[in-house]
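Trainee: The structure that follows is given in the form of structure tokens.
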Amino acid sequence: MSTAIRHDWSLAEVNALFALPFNDLLFQAQTVHRQHFTPNEVQVSTLLSIKTGACAEDCKYCPQSGHYNTGLERERLLEVEKVLRQAQAAKEKGATRFCMGAAWSNPKQRDMPYLIEMVRGVKAMGLETCMTLGMIDTEQAQSLASAGLDYYNHNLDTSPEFYGEIITTRTYQDRLDTLQHVRDAGMKVCCGGILGMGESANDRSALLMQLANLPEHPESVPINMLVKVQGTPLENVDDMDAFDFVRAIAVARIMMPASHVRLSAGRSRMNEQMQALCFFAGANSIFYGDKLLTTDNPEADADRQLFAKLGIRPEQRQDVSDEAHALALADAIKEQQQAPLYHAAN
Ligand code: SF4
């Protein structure tokens, strides 16, 4: 089975993967997964909304769009101090990456100094940093990257063909341009989409084909299952079949073998068995505890229990500096020296 990193997928090939018998598809995905990742590790991120609601865009699935009345309370940009306190709490809960999301079309220049302070502060805690702020230009991407931003999230959402049914205020090309600015600035890309918005099976294939045929695969690929929010135009769309969702995870894993495939929004609607199937299909990243932007997310305790049942460990960061390792080791030794067992052993 070839697991080369490819960027030349055809729609027919992607459709053929989706058409495989379920067990064959999952077996293939799990085999690819094991060639690229430690099989029982899942990367854990925490997401904080740093600016909620009143967004100028009209994404039909989104309760934060100012175009729909969903009863969501709008908030201003959070103070840097508050963000840093939340990041510290996330770190204590075991998160290795802290994602900060703002409901904006694009950040204004006046916001940039605050955003840069947030990135610097979170980075200084030894956490990986990720932001999602809407469209960014070359200059903004450069300043965020210089401040130490590791990842920028910007989703393609759906296929180019279905896109106009979901968003009219910005184009598919606008999204691709932002992704290019992020890459040009040297940051890692987090980019995926949302399933269950009424798209066809072909649209799902076309979305995954867009992602996998980017010049570089996104390092993180969030696959969301639509959370239907009252007041949004998609509140009554038909539910997506759970097996189709698991299939999409498996196809994403096969097409982007070295990317982290993230089970994202919609996870709280999945039972443990479905989440386990998604992990088997190659999902290896989740948001942990607290809230996933404005949609509820299973609490950290439930996640820990599920990990224990499945024998899954949270993935540790690979790229922690020697200095950070030395400090952590010194701390651990100090702790041990104070522990009664240390004295008993001497
Ligand atoms: S998805 Fe993002 S850009 Fe679209 S309305 Fe919601 S917050 Fe705005």
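The values are calculated or read from the model by the stated rules, or taken from the named source; none is laboratory data. Computed from a predicted model, the values in this text were never measured in an experiment. Here the Cβ positions follow ideal geometry from the backbone for every residue, glycine too, while neighbour counts run over all protein chains shown.
Trainee: Regarding segment 148-160, can at least one residue be identified that is over 25 Å from residue 315 (Cβ atoms), touching a residue at least 12 places away in the same chain (Cβ under 8 Å) and over 21 Å from the mean Cα position of the chain (by Cα)?
Mentor: No: zero hits.
Trainee: Name the pairs: first residue in segment 62-77 and of a type outside the set (A, V, I, L, M), second residue assigned to a strand (DSSP E or B) and near the ligand (Cβ under 8 Å from one of its atoms), Cβ to Cβ under 8 Å, at least 6 apart or on different chains?
Mentor: 62/55; 64/55; 65/55; 66/55
Trainee: Provide a single number: the residues in segment 169-182 that are part of a loop (DSSP other than H, G, I, E, B) and more than 13 Å from residue 157 (Cα to Cα).
Mentor: The first filter runs over segment 169-182 and keeps only residues part of a loop (DSSP other than H, G, I, E, B), leaving 169-171.
Narrowing further to those that are more than 13 Å from residue 157 (Cα to Cα): 169.
Count: 1.
Trainee: Moving to a separate point now. Quick one: is residue 20 touching a Ser or Thr at 6+ places or on another chain (Cβ under 8 Å) and surrounded by fewer than 20 Cβ atoms within 10 Å (Cβ to Cβ)?
Mentor: Details: touching a Ser or Thr at 6+ places or on another chain (Cβ under 8 Å): no; surrounded by fewer than 20 Cβ atoms within 10 Å (Cβ to Cβ): yes.
No, not satisfied.
Trainee: Is it true that residue 164 is out of contact with any Lys or Arg (no Cβ under 8 Å at 6 or more places or on another chain), in a helix (DSSP H, G or I), more than 22 Å from residue 8 (Cα to Cα) and not aromatic (Phe, Trp, Tyr)?
Mentor: yes
Trainee: What residue, among those in segment 56-89 that are more than 11 Å from the ligand (Cβ to nearest atom), in contact with a Ser or Thr (Cβ under 9 Å, 6 or more places away or on another chain) and among the acidic types (Asp, Glu), is farthest from residue 231 (Cα to Cα)?
Mentor: The residue in question is 75.
Trainee: I'd like to know if segment 24-38 contains one or more residues that are in contact with a His (Cβ under 9 Å, 6 or more places away or on another chain) and crowded, with 17+ Cβ neighbours inside 10 Å.
Mentor: Within segment 24-38, one or more residues are in contact with a His (Cβ under 9 Å, 6 or more places away or on another chain) and crowded, with 17+ Cβ neighbours inside 10 Å.
Trainee: Can you pull out the residues in segment 184-215 that are over 17 Å from the mean Cα position of the chain (by Cα) and without any contact (Cβ under 8 Å) to a residue 40 or more places away in the chain?
Mentor: Within segment 184-215, 200 is the sole residue that qualifies.
Trainee: Identify the residue in segment 90-124 that is closer than 18 Å to residue 287 by Cβ and without any contact (Cβ under 8 Å) to a residue 40 or more places away in the chain and, among all such residues, is nearest to the ligand (Cβ to nearest atom).
Mentor: Among those residues, the one meeting the criterion is 122.
Trainee: Of everything in segment 1-17, what is in a loop (DSSP other than H, G, I, E, B), loosely packed, with under 13 Cβ neighbours inside 10 Å and hydrophobic (A, V, I, L, M, F, W, C)? Give them in sequence order.
Mentor: Scanning segment 1-17 gives 1, 4.
Trainee: Hey, another quick one. Residue 44 - would you say it is closer than 21 Å to residue 152 by Cβ, at pLDDT below 90, β-branched (Val, Ile, Thr) and assigned to a helix (DSSP H, G or I)?
Mentor: On the way: closer than 21 Å to residue 152 by Cβ: yes; at pLDDT below 90: yes; β-branched (Val, Ile, Thr): yes; assigned to a helix (DSSP H, G or I): no.
Spelling it out, it is not the case that residue 44 is closer than 21 Å to residue 152 by Cβ, at pLDDT below 90, β-branched (Val, Ile, Thr) and assigned to a helix (DSSP H, G or I).
Trainee: So, one more: Only one of these is closer than 28 Å to residue 20 by Cβ, buried (at least 23 other Cβ atoms within 10 Å of the Cβ) and touching a helix residue (DSSP H, G or I) at 6+ places or on another chain (Cβ under 7 Å): 194, 223. Name it.
Mentor: 223
Trainee: A follow-up question, please. Can you tell me how many residues in segment 216-240 are under 15 Å from the mean Cα position of the chain (by Cα) and either in a loop (DSSP other than H, G, I, E, B) or among the aliphatic types (A, V, I, L, M) (or both)?
Mentor: The number of residues fulfilling the criteria is 7.
Trainee: Looking at (1) buried (at least 21 other Cβ atoms within 10 Å of the Cβ); (2) under 30 Å from residue 198 (Cα atoms); (3) within 16 Å of the ligand (Cβ to nearest atom); (4) modelled with pLDDT of 90 or more, which one does residue 135 not meet, given that it meets all the others?
Mentor: (1)
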